Amino acid sequence: MQRLTSPDALEKLRAELAGKRQAIKKTVFVCCGPGCLANGSRKIADAIGLQMEKQKVDASVGYRRCTTGCHGFCEQGPLVIVQPGDIFYCKVKPSDAATIVERTVKGDELVERLLYLDPGTKQRCKAFTEIPFYAKQTRVALARIGTLDPTDLGNAIASGGYASLAKALFTMKPDQVIDLVDRSGLRGKGGGGFLTGRKWRSCVKAPGDRRYVICNGDEGDPGAFMDRATMEGDPHCVIEGMIIGAYAVGSHEGYVYVREEYPLAVEYMQLGVDEARKAGLLGDNILGSDFSFDIKISRGGGAFVCGESSALMRSVEGKVGEPRAKYIHSVERGLWDQPTVLNNVETWATVPVIVQKGVDWFRSMGTKGSPGTKAFSLSGQVRNTGLIEVPMGVTLREVIFGIGGGLFKRRTFKAVQTGGPSGGCLPEDKLDLAVDFDELTRAGSMMGSGGMIVMDDRACMVDVARYFTAFLVDESCGKCVPCREGTKQLLALLTDITHGNATEDHLARIEALAATIMQASLCALGKSAPNPVLSTLKQFRQEYLSHIEKKRCPAGVCKPLTRFVIDEETCTGCGLCLKACPVDAIRGEKKKPHTIEPSKCITCAACREVCPVDAVEVAS
């Protein structure tokens, strides 16, 4: 691509690329996000490409195939979308390629068996806009993902990429950009929810020889993949946002911090930076202006604590990722002790849209205190797992039962965990709670980076608290005693409860220890470490008491406190449990009630998982 030396050159190129797009008759978009890749979407893309050549409908005659980032509906992958028409095919296999090309690309027929079947209406959806999972979303940061090739800068430019950068550089002063972001009410979407404009303005006012901007792409929360999907699906929206932010605060050097475990994100972000630099959109005299700024990719080792701002900056410097005392603010003394702005991937991706569409448009979505939208990774025991984006203020019920499609058959909702290991678990009576920074915090949880894990009636909340505490014990940097030792003691108390070795005094000790950890820990990892424990203890205290007083795990998860039995009235004698049992602990004749021999049972729950009528129960 030629080097762009002015906004006019950028717009001329955009017009040329858009014209070429308009000449394309049909495009086949193949999702190559991590979930679909794991299910063979690369083979599907190759098969479709081969079939387009064989059937003579390739680019030479106005057809094309495009591999994209995550479309979001991971549960239904691999996904293929044909445009125009928003035709949505799910659970596609390489063997379907010939049929798709022959009937849908060459002709105007639909492959009915590949269309999404709505479980509510029992009707096939012809377009993805008809599917509740997509129809109930409002995409801003994720808007372009799934519509372009993330490895092609031309795709991004044709879709409006870098128009906001040109607008900011040539029609706005730096303080006007900050004022715009400030008035929009954009809050940092990495978990803290701090006002982005206020952070930028504080950085400008701080004394220092140099200023830095950093993109936090570490994303260490279990079950969270929003930032990963953005970097892999639309790296240029992140790069553009960072350049605009750098222009606003007077920075000439930036870093994208990506965890090593995201190899595709590392590759695509580096490719995006290299392409932007060659095109004159990054580096010296961007678009012919007098503003220069460049970005380097910094790979992290996967330490959860490096999601904390000061620990992340030490890691970028090549030091051990440990946090600093919080009275030292990174906007004043951050990277190499210079003023630094750090925002997460989603925040940077939102900035260009605000610059392009304005404050009123952005504030028309969400709530007064939390305007705009938020991306979530919806996972757990919910029908429609995947990547979503919704306006702030939408209720948990709308997300889980509207977009998520509710829980699987015969299962009932028990809790939803938001905010990752630093968040909390909310029960059924909180389902109508508005999802925004302030409401979730008041309810004893938090927004976090956007992970949302749904749990059904077979989840043990004591074990959930133990799991997240064990995660934080492993991820503690060990710098301060309250976190290093306190979380270990917290884990020991929870382990006692799940093993039946606890008394009611354990609960008082947990609460006292949690208060100390929260008050005395150095950074947010330690201060929020007790949140999963305290939220489950508050909302599900009776379940803790059942473990302690009755020595029984109601959910059948904690093995020392679980004994399975088969309800004779419910059992149909199908024999599936007998076949699934790894230790031959089940007895019974076909079409007659089965029984479990307690002396042989290892409480692996394999029988319960396969029983079609839920006859396997936890003994009272």
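What follows is calculated from the coordinates using simple rules that are stated; it is not laboratory data. Quick caveat, the model's predicted, so the values are computed rather than measured. Please note: Cβ atoms are built from the backbone with ideal geometry, for glycine as well, and neighbour counts cover all protein chains shown.
A few comments on the model shown:
- Each DSSP beta bridge with both residues in the chain is either parallel or antiparallel, and the antiparallel ones are about 55%.
- Counting every other Cβ atom within 10 Å of each residue's Cβ, Cys36, Cys523 order from fewest to most as Cys523, Cys36.
- Take every Cα pair under 8 Å whose residues are at least 6 apart in sequence, average their separation, divide by the length of the chain, and the relative contact order is 11 percent.
- Kirkwood Rh in Å, taken over all unlike Cα pairs in segment 443-601: 17.7
- Taking a ≥ b ≥ c as the square roots of the eigenvalues of the alpha carbon gyration tensor, segment 429-489 is oblate, as a/c is not under 1.5 and a/b does not beat b/c.
- Burial ranking of peptide ranges 10-21, 74-85 (average Cβ count within 10 Å, highest at the top): 74-85, 10-21
- Distribution of pairwise C-alpha distances over segment 204-308, 5 Å bins, in %: 2, 13, 23, 22, 18, 12, 7, 2, 0
- Whole-number percent relative contact order across segment 153-361, with pairs defined as alpha carbons under 8 Å at least 6 apart: 31
- Stokes-Einstein diffusion coefficient of segment 95-224, Kirkwood radius over Cα pairs, 37 °C, 0.692 mPa s, in µm²/s: 166
- Proportion of all alpha-carbon pairs of segment 20-127 beyond 18 Å (%): 44
- Packing, as the average of other Cβ atoms within 10 Å across residues, places the peptides 227-236, 396-405, 352-361 in the order 227-236, 396-405, 352-361, highest first.
- Under the convention that each Lys and Arg Cβ holds +1 and each Asp and Glu Cβ holds -1, the size of the dipole of segment 563-618 around its Cα centre is about 220 debye.
- Theoretical gain in end-to-end length, Asp505 to Asp108 [0.36 nm per residue, Cα-Cα removed]: 136.0 nm
- Two-decimal log10 I(q)/I(0) for segment 563-618, as the Debye equation yields it once each C-alpha is a single scatterer, q = 0.15, 0.22 Å⁻¹: -0.31, -0.70
- Using the Cα coordinates of segment 251-396, the gyration tensor eigenvalues translate into equivalent-ellipsoid semi-axes of 27, 23, 18 Å, sorted from longest to shortest.
- FRET E, pair Ala520, Glu549, Förster distance 25 Å, beta-carbon r, rounded to 0.05: 0.20
- The gain in end-to-end length when the Arg411 to Lys326 segment is fully stretched comes to 26.2 nm, 0.36 nm per residue minus the alpha carbon separation.
- When restricted to Cα atoms, segment 219-262 yields an Rg and a Dmax of 12.2, 36 Å, respectively.
- Expected-Rg normalisation [2.2 N^0.38 Å, Cα atoms] applied to segment 461-549: 0.99
- Restraint check, Lys409/Lys592; Lys91/Lys368; Lys167/Lys368; Lys12/Lys374; Lys189/Lys357; Lys126/Lys409, Cα-Cα greater than 30 Å: Lys91/Lys368; Lys12/Lys374
- D (Stokes-Einstein, µm²/s), Kirkwood Cα radius, segment 526-565, 0.692 mPa s at 37 °C: 294
- Alpha-carbon Debye profile of segment 153-361, log10 I(q)/I(0) at 0.07, 0.13, 0.15 Å⁻¹: -0.18, -0.64, -0.88
- Taking segment 563-618 and dividing mean pair separation by its residue count, relative contact order in percent (alpha carbons under 8 Å, at least six apart): 45
- Per-residue packing, averaged as other Cβ atoms within 10 Å, sorts the ranges 187-198, 367-378 into the order 367-378, 187-198, beginning with the highest.
- The value obtained for segment 274-316, namely the Cα convex hull volume divided by the number of residues, is 85 Å³ per residue.
- Cβ charges +1 (Lys, Arg) and -1 (Asp, Glu), total dipole of the chain, debye: 580
- Extension gain for the segment Asp294 to Arg42, taken as residue separation times 0.36 nm less the Cα-Cα distance, is 87.5 nm to one decimal.
- Cα convex hull volume per residue for segment 373-456 (Å³): 72
- Each eigenvalue of the Cα gyration tensor of the chain, multiplied by 5 and square-rooted, gives one semi-axis; in descending order these are 44, 35, 19 Å.
- Our helix-only sum for the chain, with -39,500 (n - 2.57) per DSSP H run of n ≥ 4 divided by its residues, gives a mean residue ellipticity at 222 nm of -11000 deg cm²/dmol.
- Estimated translational diffusion coefficient (Stokes-Einstein, Kirkwood radius over Cα pairs, 25 °C, 0.890 mPa s) of segment 147-275: 157 µm² per second.
- Axis of helix 235-249 versus longest Cα principal axis of the chain: the two differ by about 70°, to the nearest ten degrees.
- Computed from Cα atoms, the angle from the helix 505-520 axis to the main principal axis of the chain rounds to 20 degrees.
- Estimated distance in nm for a label pair at Lys319 and Asp496, the labels positioned 7 Å out from Cα along Cα-to-Cβ: 3.8
- Cα-only Debye scattering, segment 137-214: base-10 log of I(q)/I(0) at q = 0.26 Å⁻¹: -1.21
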